[in-house]
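Below is one structure, written out as structure tokens; comments come after it.
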Amino acid sequence: MKPKSPDTYILKSHHAAAILIAFLTLPVMLASAIEGVDFSVRDFGAVGNGTTLETEAIQKTVDAAAKAGGGTVVFPSGTYLSGTIYLRDHVTLELQAGAVLLGSTRLVDYPVNYCSYPSYTDNYCVRALIWADSVKNIAIIGRGTIDGQGAAFLGHEASEEELAALAKGRTDPNRYAPNDIYANRPYIIRVISCEDVLVEGITLRNSPMWMQHYLHCNHLTLRGVRVINHGNRNNDMVDIDCCRNVVVTGCYGDSDDDALTLKSNGPDPTENVTITGCILRSHCNALKMGTESTGGFRNISISNCTILRSEIEKNIHGLPEGLAGIALEAVDGGMMERVTISNINMNGIATPIFMRLGNRARPHRLDAPTPDVGVFRDVNVDNIVATGVENISCSITGIPGHPIEGVSLSNIVIRCRGGIDEDRTDLEVPEVEQKYPESRMFGDLPSYGFYCRHVNGLTFRNVRLGFDTPDTRYALVCDDVENLTLEAFQPMASKSAPAAVLFKNVRNAFIRGCNPPSMDTFIRLMDDCQSIVETANNFASVRVPIASLK
């Protein structure tokens with residue numbers, strides 16, 4: 001037999017290699033093809049007329065996509081009325097432009113579900129329009145809208161059948177029992193213990209309760225989501241709870257209750273979170289961590305956001321002007337540490353900054369030990385401009401024996417309405433250690449700018465505080481504050497104010513580079529102040545730079 005030429009062997013080797021490569025890559029090609037498959041809800045019986053209940057058809061579509069190994073459940077233009085939809089692994093819900101997913105107004109269409117992760121939210125979170133528990137690689141995307149018709153649940157009173165449904169399935173007596181005041185109003189989105197979650201481009205409206213709750217999830221991304229939530233009580237924009245590795249970018253929210261909210265209702269911290277480029281409006285708090293803090297918060301970065309008064313004047317909860325622009329609260333144990341907030345613009349809100357370490361000490365389970373007082377430290381706030389502010393002062397407060405530690409505020413401008421001409425300068429401010437934390441919790445304060453108590457390691461650098469109408473209150477009050485730095489601090493003070501700044505029980509304070517405007521007294525010292533050092537200040541316009549009153 002004539003031997004084959006070397007070229008023939010080379011050709012056959014190349015051919016075999018190509019076959020082998022194709023064989024080896026076939027699973028990847030098939031997986032890619034499956035992931036790209038669209039499953040239209042219309043093909044599974046949905047009609048999209050806004051009146052036919054489509055729950056079964058939508059769920060069949062989701063299950064078909066999951067059975068195929070993954071895919072996209074497509075809602076073409078139309079209105080789809082539904083009860084609870086359960087997401088599966090590798091499934092994307094896509095609402096195309098003109099598509100509306102409408103939440104049913106019948107409570108019976110939202111079965112009671114107990115999630116896999118015990119937390120204090122067992123008290124009020126057992127129903128949702130979209131439910132996902134312990135699944136991975138899921139998404140809700142598109143240019144369409146999800147509307148929960150929340151106003152239909154206003155004033156709902158639970159029937160005996162509904163109360164029985166709440167009790168059914170609660171097999172762990174140490175988990176909180178659902179409270180019928182909350183649990184008979186479904187959320188729109190509830191995602192629990194899930195991996196790789198994306199919510200993008202969608203518009204969310206009118207939840208009966210919280211709009212979105214992401215609990216104990218890993219790798220969560222919210223991008224370009226628009227939320228209008230003013231249909232009922234407890235209408236938060238979004239609640240990110242015990243989650244890690246979270247990115248929130250380019251979102252818009254206008255909510256009756258808290259807007260962009262980080263919580264820790266369970267033993268795990270909310271950590272490694274980046275929030276940027278959002279516009280937030282709220283009748284309560286715009287950017288909030290808390291109130292729940294069992295597992296705590298750490299490694300949080302927030303930047304380049306705008307906070308404005310709600311466009312909806314009528315409020316169900318809170319105030320028309322809201323409560324706080326930035327609210328950092330640790331009252332149920334846990335830690336608040338390594339938090340940076342920068343480049344925030346605010347206008348027309350009540351209080352720009354509120355920080356509170358308290359001792360409500362609420363356990364996340366009935367059998368959990370009472371939490372110790374938490375730790376609040378290493379927080380930097382930089383480049384904040386807040387104008388048109390109401391007259392509720394910013395505050396940074398710990399409790400006796402448990403100070404907030406290591407807070408730095410720099411490059412900040414705050415201008416309030418002012419006009420307070422009553423003598424509030426010697427007010428006794430209550431401790432209220434166990435009270436629910438919010439910016440107005442202390443009542444009247446003796447300051448228009450910042451009230452700081454029980455703090456160790458506090459820096460004000462290049463901070464300007466002022467008012468539109470003369471105000472008799474101090475710009476800054478520091479009470480039981482240790483290791484304080486005022487650098488390039490510029491407060492306004494009215495002629496009838498006793499001073500611009502009040503120090504009570506302040507120890508180790510360093511005042512440097514201040515150039516205050518014309519005023520009678522810059523700093524007033526009371527009670528036991530020690531080691532107060534000032535240097536390189538320009539007090540040419542101040543009659544008495546520092547006055548000591550024993």
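Table: residues versus (1) assigned to a strand (DSSP E or B); (2) of a type in the set (S, T, N, Q); (3) within 34 Å of the chain's Cα centre (by Cα).
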site	(1), (2), (3)
G457	yes, no, yes
R464	yes, no, yes
D471	no, no, yes
D480	yes, no, yes
K495	no, no, no
V506	yes, no, yes
F510	yes, no, no
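Within region 538-550, the presence of a residue that is under 23 Å from D426 (Cα atoms), in contact with a Gly (Cβ under 7 Å, 6 or more places away or on another chain) and at pLDDT 95 or above is excluded.
Taken together, F467, F510, F522, F489 contain a single residue that is of a type in the set (F, W, Y), within 18 Å of S410 (Cα to Cα) and crowded, with 21+ Cβ neighbours inside 10 Å, which is F489. Here G148 clears all of (1) farther than 27 Å from L220 by Cβ; (2) open to solvent by less than 30 Å² (accessible area, probe 1.4 Å) except the condition numbered (1). Residues considered: R453, R417. Of these, the only one that is in contact with a Phe, Trp or Tyr (Cβ under 8 Å, 6 or more places away or on another chain) and part of a strand (DSSP E or B) is R417. Do the conditions hold for N179, that is, is it over 17 Å from Y110 (Cα atoms) and surrounded by fewer than 18 Cβ atoms within 10 Å (Cβ to Cβ)? Taking the combined requirement at face value, the residue does not satisfy it. Filter region 432-448 down to residues that are acidic (D, E) and under 24 Å from the mean Cα position of the chain (by Cα) and give me whichever is surrounded by the fewest Cβ atoms within 10 Å (Cβ to Cβ). If we take residues in region 432-448 being acidic (D, E) and under 24 Å from the mean Cα position of the chain (by Cα), then E433 is surrounded by the fewest Cβ atoms within 10 Å (Cβ to Cβ). Within region 493-505, residues that are β-branched (V, I, T) have Cβ atoms under 8 Å from residues that are open to solvent by 10 Å² or more (accessible area, probe 1.4 Å) in these pairs: V501/R524, counting only partners at least 6 apart in sequence or on another chain. Would you tally the residues in region 413-448 being of a type in the set (D, E) and under 17 Å from G466 (Cα atoms)? Here the count works out to 1.
Restricting region 182-216 to residues that are surrounded by fewer than 23 Cβ atoms within 10 Å (Cβ to Cβ) and of a type in the set (S, T, Y), the residue that is modelled with the lowest pLDDT is Y182. Evaluation of L427 against the conditions (1) among the hydrophobic types (A, V, I, L, M, F, W, C); (2) open to solvent by 50 Å² or more (accessible area, probe 1.4 Å); (3) under 15 Å from R356 (Cα atoms) shows that the sole unmet condition is (3). Here is the figure for region 94-136: residues that are over 22 Å from the mean Cα position of the chain (by Cα) and either surrounded by 17 or more Cβ atoms within 10 Å (Cβ to Cβ) or not in a strand (DSSP E or B) (or both) total 24.
The values are calculated or read from the model by the stated rules, or taken from the named source; none is laboratory data. Remember, it's a predicted structure, so these values are computed and weren't measured experimentally. As a convention, Cβ positions derive from the backbone with ideal geometry for all residues, glycine included, and neighbour counts pool all protein chains shown. Just so you know, the surface numbers come from the protein's heavy atoms only, side chains and all, with ligands and any DNA or RNA stripped out. Shrake-Rupley method; radii C 1.70, N 1.55, O 1.52, S 1.80 Å.
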